[in-house]
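Laboratory data are not the source of any read-out in this text; all were calculated from the coordinates shown. On a predicted model such as this, the values are computed, not experimentally measured, just so you know. No Cβ is skipped: glycine too gets one built from the backbone with ideal geometry, and neighbour counts run over all protein chains shown.
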Amino acid sequence: MAKGKQKLTNYQSRILLDYEKILEKCALNPDRIFHIADEESDAVVPVLRTMIDQVVRSEIILEYTMIDSHLDFLLIEHVFGSGNKLRNVRRTKRFRTFHMILQNMYLLQKLSIVKTFKNIPRSITSKITAINDLRNGVAHAFFLSDLKKSKRTYKGVNVFTPKGLEKFRKDSLEISYFFEPWLKEFLEEDSGA
């Protein structure tokens, strides 16, 4: 079968239906715009901007959280080891305490500690810092209009535009590839590149 023409399994169809319902519940279903255009055409642009805002913010927070997880894993592995050694310690009070400490640390604090035992290129550090700044801006303001222009841009480009989001995602991927080199090969295989 041609790509995109495969029949979904029942389970896949249920998950797709759940996804569509979630989009609807979050008011992110693009078809909603056509109903709004029929009823109140002046509301189309504000609704679309709100939808873009919600999607971009969620992407920023997701990528920030992924970076935070990479740093957590490096710190845990540094302190407790890896493989069987790590598996055996996961149920200890010492591990749970350390995990709680990590949960209460800021991303840049974790980065600073990781840099004491792992060589992280300046370009990766710069990207992590830029993503941290962006995340802090969008996570602590409800209205984008309340944010300074610098707080809604990523490296000089408005992140709420396709160009800005593309730049953000490119850097996020580079960070992930640095911490998880196998991921690049996996994603390239998955995309058919």
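Among the listed residues H70, H99, identify the single one that is touching a residue at least 12 places away in the same chain (Cβ under 8 Å), within 25 Å of L165 (Cα to Cα) and in contact with an Asp or Glu (Cβ under 9 Å, 6 or more places away or on another chain).
Criteria check complete, one pass: H70.
Being without any contact (Cβ under 8 Å) to a residue 24 or more places away in the chain, closer than 14 Å to K127 by Cβ and in contact with a Lys or Arg (Cβ under 9 Å, 6 or more places away or on another chain) is the filter here, so list the residues in segment 158-193 that pass it.
Correct list: K167, L173, Y177.
Any idea how many residues of segment 137-155 are of a type outside the set (F, W, Y), surrounded by 15 or more Cβ atoms within 10 Å (Cβ to Cβ) and not in a loop (DSSP other than H, G, I, E, B)?
Residues that pass the stated criteria total 6.
In segment 16-57, what count of residues is obtained for those that are surrounded by fewer than 12 Cβ atoms within 10 Å (Cβ to Cβ), of a type in the set (A, V, I, L, M, F, W, C) and over 23 Å from S145 (Cα atoms)?
Final tally of qualifying residues: 4.
Across segment 136-151, what is the total count of residues that are free of Cβ contacts under 8 Å to residues at least 60 places away in the same chain and within 16 Å of the chain's Cα centre (by Cα)?
2
With respect to the numbered conditions (1) under 16 Å from the mean Cα position of the chain (by Cα); (2) surrounded by 13 or more Cβ atoms within 10 Å (Cβ to Cβ), which one is the sole condition not fulfilled by N158?
It fails just one condition, (1).
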